[in-house]
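Values quoted throughout were computed directly from the atomic coordinates according to the rules given, and no laboratory measurement underlies them. Just so it is clear, the structure is predicted and the values come from calculations on it, not from any experiment. Note that each Cβ is placed from the backbone with ideal geometry, even for glycine, and that neighbours are counted across all protein chains shown.
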Amino acid sequence: MIPRNAQYETIQLLEEFPAVAVLGPRQVGKTTLAEAIGTSLSTEPIYLDLESPGDKAKLNDPESYFELHKGKLIILDEIQRVPELFQILRGVIDKHRRQGHKNGQFLILGSASLDLLKQSSESLAGRIAYKELSGILISEINRTDQDQLWLRGGFPDSFLARNDQASLRWRLNFIGTYLERDVPQFGPRIPATTLRLLWTMLAHSQGGQLNIAQIGANLGVAAPTAKRYIELLEDLLLIRTLRPWSGNLGKRLVKAPKIYIRDSGLTHALLNITSMDDLLGHPVIGASWEGFIIENLLSCMPIGASAWFYRTSAGAEIDLVIELGSNKRYAIEIKRSLTPTLSKGFHLGCEDVQATHKFIVYSGKERYPAAHDVTVIPLVDMMNELKNS
């Protein structure tokens, strides 16, 4: 299941840049996206899985290999396994440019953000564009399946499983594989039991403010070590930290970021939540819904937009602030209720950040106006609002 908009956007970037990097966690659909793009081309692309010894061996002399297949799209999957390729790609791209070859030479797929971005941004500046591939979004399915997407998460194999139990088994296996096989490839060895405990702790405190010292104490490690573990999960695109808005207001703003497990299905698997009945009766329900909404909204932010949350020590609070340039600021409150109400803290926050647009994103299906120029809006409508802004 490949989102049509992701395929269209990636093809558009390939027309504009020599190289495009598609980033996302394992099993999110990067290879399927690349295959779909390949079938749309007039010339069959070259696909190399850099975790395969056979494909990796083909690049013993990469310049010669790329020259042999000049004019074809070359897909390099799991490129973080061979980071030294970035320097070589720079020379190959520049040589092809001098020879008058068009854009769309390389499609790079990666499961980690930090190392990949660091390598490519230094070596391929001006030659590469980035596309982050999210899991399945609410805008890509029937609205009647919204709760299923929330419960199971956006990994295609999890969402499309034949029942909730099969979906949970897939997610638990995914978590185990990441801890035992994938994480050890990145940086120093981290005990799988420690990392699983950390992941579970983050699920229990979904949407809470990050307290590195407390996490380190609970894990029995020093705070710098706990910080490194969290950064690793963030680099693997499994968790997200949302920074506090930091405008110069002369107010006492909170400084610690909020932290979310990016996929709601993984949150639920770590908490042994199997069904909607389990979820609706679990204390994490509100925070899980908030994280689910935030991931969907951030997936469709316009270029140049930035996202924050807002909170002061005096009680002013906004779940999500999205800034578009200097004159457009969205204040978004997230509610699971079908009859959502706002606290005084939201209105105070809107005054502080000078919000130009105010919304409550809720679980209902109708859009309607509320008091104080606030619009109550379903998630899909809010996503369209951002896309068209």
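Figures for the structure shown
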item	result
Most fluctuating residue given options L124, L68, L233, as computed from a GNM of the chain linking Cα atoms under 10 Å	L68
The chain: most fluctuating residue of R367, R90, R189 per GNM, C-alpha cutoff 10 Å	R189
Inter-site label distance for E51 and I285 at 7 Å from Cα along Cβ, in nm	3.7
The chain - share of DSSP beta bridges that are antiparallel (%, nearest 5)	40
Cα coordinate range in segment 4-132, projected on the principal axes (Å, largest first)	33, 28, 28
Net dipole in debye of the chain [+1 Lys, Arg Cβ; -1 Asp, Glu Cβ; about Cα centre; nearest 20]	640
C-alpha center-to-center spacing [segment 214-278, segment 2-47] in angstrom	30
Helical contribution to [θ] at 222 nm, DSSP H n ≥ 4, -39,500 (n - 2.57), averaged over the chain, rounded to 500	-12000 deg cm²/dmol
Peptide ranges 151-157, 222-228, 262-268 listed from the most packed, as the mean C-beta count within 10 angstrom indicates	262-268, 151-157, 222-228
Rg over Rh, two decimals, segment 130-208 (C-alpha only, Kirkwood Rh)	1.02
